[in-house]
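Asker: Pasting in a structure now, in structure tokens, and then I'll have a few things to ask.
The values are calculated or read from the model by the stated rules, or taken from the named source; none is laboratory data. What you are looking at is a predicted structure, and each value in this text was computed from that prediction instead of being measured. Every residue, glycine among them, receives a Cβ derived from its backbone with ideal geometry; neighbour counts consider all protein chains shown. Ligands, DNA and RNA are stripped out before the accessible areas are found, and what is left, the full protein with its side chains, is counted by its heavy atoms. Shrake-Rupley method; radii C 1.70, N 1.55, O 1.52, S 1.80 Å.
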Amino acid sequence: MPINKIPTTPYLDQRPGTSGLRKKVKHFQQPHYLANFIQSILDALDSSTGKTLVLGGDGRYYNQEAIQIILKIAAANQIGRIIVGQNGLFSTPAVSCVIRNRQAFGGIILSASHNPAGINGDFGVKYNASNGGPAPESLTEAIYQKSQQIQQYYILESEDIPLDQLGIYILWEMTVEVVDPIADYLALMESLFDFDRIKDLFHQQGFQLCFDAMHAITGPYAQAIFQHRLGVQPGALLNHILLPDFGGGHPDPNLVYAKTLVEKMYGGNPPDFGAASDGDGDRNMILGQQFFVTPADSLAVLAANAHLVPGYQKGLVGIARSMPTSQAPDRVAEKLDIPCYETPTGWKFFGNLLDAGKITLCGEESFGTGANHIREKDGLWAVLFWLNLLAVKKQSVAAMVKNHWAEYGRHFYSRYDYDDLPLETAQTLMEDLNKQLSTLGGKQFGNYKIYTADDFAYQDSVDHTITSHQGIRLCFEDGSRIIYRLSGTGTQGATLRVYLETFALDPAQHNQDSQQVLSILASLAQNLAQIKEKAGCDQPSVIT
Ligand code: G1P
Ligand code: ZN
């Protein structure tokens, strides 16, 4: 079979962001755009000849076409074997699981996570390394450098692989194994959680689940795990049919976008437990009856109760959370007498800590929770963890969280997003804040006194690399915090994220509404950054 050497020229915008390269579908469909990036990944890898890669995506528009192109480029570049999910599907956590299970050299994930899909939506490509986790910055930078010098790519001329049929195929000298995208992942979940107990919860105790797959990748996984393995009624699954445009929705599991689920959980006669996951299956949202569990509280509750679940009964070695995530997990770590690490935003920073055995659980405020079983956050894992705990504790979600607050105190928390700002406006706003930092320490604003203000920098405790400019942090004497940072995952303009947190130890204060408790801090955050004056925004676009 002939290998074609296709001359090409660099695209200047192929620098991967927080989570791989993300662009509009139409941007990816420009001549050679995807091929350039894939060739750059392969060029940046050391000695990939003959190695095994895992490949799959979240099923969004352009997934299958992209997979066929990638297979042919991989074959032309002497990759030895590609393990691809049936129909080109794999959730992000499942890719991580399969890379580790099969000791693959790495994997390519096609997804733009929680961004909308469809012909006018987004697409993305991300490379994961042999530990199953997102490529380290040194590798993403090397990929970018290759993309800036690229002059040609290699591609095999051949028929498409029938991705719908399980089996082994040969593409010139490369083997393509089309596998069930769920089997390895389900086996891993069964090794961590007590499936019999969860089954009992549904069958003996009449516990009702409602899981919203948002028409994205967790649809098929939820059917296999909840319906077929755990036997919940089909009605327990919402939006579980995977559609290439994710049903036109925004597959981000939060109170704004998981509307159908939220209405159900806050309506009359709600199910006992509600959960949702995002486009590629790595995020999760947990709800009880008329009750929302913040992601940081979720991580804290899981950490405090982990010993009740088979996979974690030996206890935890440490916890990590991203810097803007509330400090609720820190309090649990303190009590368990284990370390709690504070990392920059983005899952990749947890990788070294997990590989070095320094942490067992980790999470981010952006609906990401995970552990050392893989190197990605894991939506369905979090849902199963909760179900296992609820089956053991026989309490409602709300009771579990409220009891947790009574013991540790409550961290009121909210994130304000200002979307679609002109890049320059957002950057100037951040620079102006940065200039104020040296004068903010010690300043009093009503009841709030700043004790320290800085631009967060992180030193990795394993490889000692330093990552700077990870967000402006205003810390107040009463433990409250305001954090500002710009998103690294958007595909147009800039998004300013403002994170608000305040703490109350006294249970008498725990039942207040978060937005009310945080309202003064929110105005202060808006005033200090002059968001209205500089960006013209009266209100955030999304509050979570
Ligand atoms: C967002 C989240 C971050 C998460 C990332 C990938 O990144 O804030 O926590 O790791 O998506 O899912 P951001 O857009 O803020 O850079
Ligand atoms: Zn995701």
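Asker: Within the group Thr92, Thr52, which residue is hydroxyl-bearing (Ser, Thr, Tyr) and open to solvent by less than 10 Å² (accessible area, probe 1.4 Å)? I'd like the intermediate steps shown before the answer.
Answerer: Details: Thr52 fails: open to solvent by less than 10 Å² (accessible area, probe 1.4 Å).
Matching residue, one of Thr92, Thr52: Thr92.
Asker: Still on this structure: Does the stretch 118-139 contain any residue that is over 14 Å from Glu376 (Cα atoms), out of contact with any helix residue (DSSP H, G or I) (no Cβ under 9 Å at 6 or more places or on another chain) and buried (at least 21 other Cβ atoms within 10 Å of the Cβ)?
Answerer: Residues of the stretch 118-139 that are over 14 Å from Glu376 (Cα atoms), as a first pass: 118-125, 137-139.
Filter once more, so that each one left must be out of contact with any helix residue (DSSP H, G or I) (no Cβ under 9 Å at 6 or more places or on another chain): 138.
Adding the requirement that they be buried (at least 21 other Cβ atoms within 10 Å of the Cβ) leaves none.
No, there is no match, as no residue in the stretch 118-139 is over 14 Å from Glu376 (Cα atoms), out of contact with any helix residue (DSSP H, G or I) (no Cβ under 9 Å at 6 or more places or on another chain) and buried (at least 21 other Cβ atoms within 10 Å of the Cβ).
Asker: Got at least one residue in the stretch 334-348 being open to solvent by less than 40 Å² (accessible area, probe 1.4 Å), touching a strand residue (DSSP E or B) at 6+ places or on another chain (Cβ under 6 Å) and assigned to a strand (DSSP E or B)?
Answerer: yes
Asker: Does the stretch 328-340 contain at least one residue that is in contact (Cβ under 8 Å) with a residue 60 or more places away in the chain and at positive phi?
Answerer: Taking the stretch 328-340 as the starting set, the residues that turn out to be in contact (Cβ under 8 Å) with a residue 60 or more places away in the chain are 328, 331-332, 335.
Imposing the further condition that a residue be at positive phi reduces the set to none.
So far as the stretch 328-340 goes, no, none of its residues is in contact (Cβ under 8 Å) with a residue 60 or more places away in the chain and at positive phi.
Asker: Mind counting the residues in the stretch 285-308 that are open to solvent by less than 30 Å² (accessible area, probe 1.4 Å) and either among the small types (Gly, Ala, Ser) or in contact with a Phe, Trp or Tyr (Cβ under 6 Å, 6 or more places away or on another chain) (or both)? Break it down into steps so the answer makes sense when it comes.
Answerer: Of the stretch 285-308, the ones open to solvent by less than 30 Å² (accessible area, probe 1.4 Å) are 285-288, 291, 293-306.
Checking the rest, the ones that are also either among the small types (Gly, Ala, Ser) or in contact with a Phe, Trp or Tyr (Cβ under 6 Å, 6 or more places away or on another chain) (or both) come to 285-286, 288, 294-296, 298, 300, 302-304, 306.
Here the count works out to 12.
Asker: Tell me yes or no: at least one residue of the stretch 199-212 is within 16 Å of ligand 1 (Cβ to nearest atom), surrounded by 19 or more Cβ atoms within 10 Å (Cβ to Cβ) and either under 24 Å from the mean Cα position of the chain (by Cα) or free of Cβ contacts under 8 Å to residues at least 60 places away in the same chain (or both). Step through it out loud before you land on a result.
Answerer: In the first step, residues of the stretch 199-212 are kept if they are within 16 Å of ligand 1 (Cβ to nearest atom); the result is none.
Checking the stretch 199-212: not a single residue is within 16 Å of ligand 1 (Cβ to nearest atom), surrounded by 19 or more Cβ atoms within 10 Å (Cβ to Cβ) and either under 24 Å from the mean Cα position of the chain (by Cα) or free of Cβ contacts under 8 Å to residues at least 60 places away in the same chain (or both).
Asker: Out of all the residues in the stretch 434-447, is one or more within 20 Å of Ala320 (Cα to Cα) and either at pLDDT below 95 or under 22 Å from the mean Cα position of the chain (by Cα) (or both)?
Answerer: Among the residues of the stretch 434-447, not one is within 20 Å of Ala320 (Cα to Cα) and either at pLDDT below 95 or under 22 Å from the mean Cα position of the chain (by Cα) (or both), which makes the answer no.
Asker: Now, a different point. Residues in the stretch 123-140 that are outside any loop (DSSP other than H, G, I, E, B) and at pLDDT 95 or above: how many?
Answerer: Of the residues in the stretch 123-140, 6 are outside any loop (DSSP other than H, G, I, E, B) and at pLDDT 95 or above.
Asker: While we're on this one: What are the pairs with Cβ atoms under 8 angstrom where one residue, in the stretch 97-115, is within 17 Å of Tyr61 (Cβ to Cβ) and within 16 Å of ligand 1 (Cβ to nearest atom) and the other, located anywhere, is of a type in the set (S, T, N, Q) and open to solvent by 10 Å² or more (accessible area, probe 1.4 Å)? Sequence gap at least six, or different chains.
Answerer: Ala112/Thr491; Ser113/Ser19; Ser113/Thr489; Asn115/Thr489; Asn115/Thr491
Asker: Considering each residue of the stretch 222-260, count those that are under 21 Å from Gln204 (Cβ atoms), open to solvent by 20 Å² or more (accessible area, probe 1.4 Å) and touching a residue at least 24 places away in the same chain (Cβ under 8 Å), and give that number.
Answerer: Counting residues in the stretch 222-260 that are under 21 Å from Gln204 (Cβ atoms), open to solvent by 20 Å² or more (accessible area, probe 1.4 Å) and touching a residue at least 24 places away in the same chain (Cβ under 8 Å) gives 2.
Yes/no matrix, rows are residues, columns are (1) within 16 Å of ligand 1 (Cβ to nearest atom); (2) in contact with a Gly (Cβ under 7 Å, 6 or more places away or on another chain):
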| position | (1), (2) |
| --- | --- |
| Pro344 | yes, no |
| Gly368 | yes, no |
| Ile374 | yes, yes |
| Ala382 | yes, no |
| Leu389 | no, no |
| Lys394 | no, no |
| Val397 | no, yes |
| Trp405 | no, no |
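Asker: For the stretch 145-234, which strands (runs of 3 or more DSSP E) that fit wholly inside it have 3 or more residues that are within 26 Å of Tyr62 (Cα to Cα)?
Answerer: Working: elements: 152-156, 167-171, 174-179, 209-212.
Result: 152-156, 167-171, 174-179.
Asker: Here's another thing I want to ask about it. Identify the single condition in (1) open to solvent by 40 Å² or more (accessible area, probe 1.4 Å); (2) more than 22 Å from Ser298 (Cβ to Cβ) that Glu263 does not satisfy, given that it satisfies every other one.
Answerer: (2)
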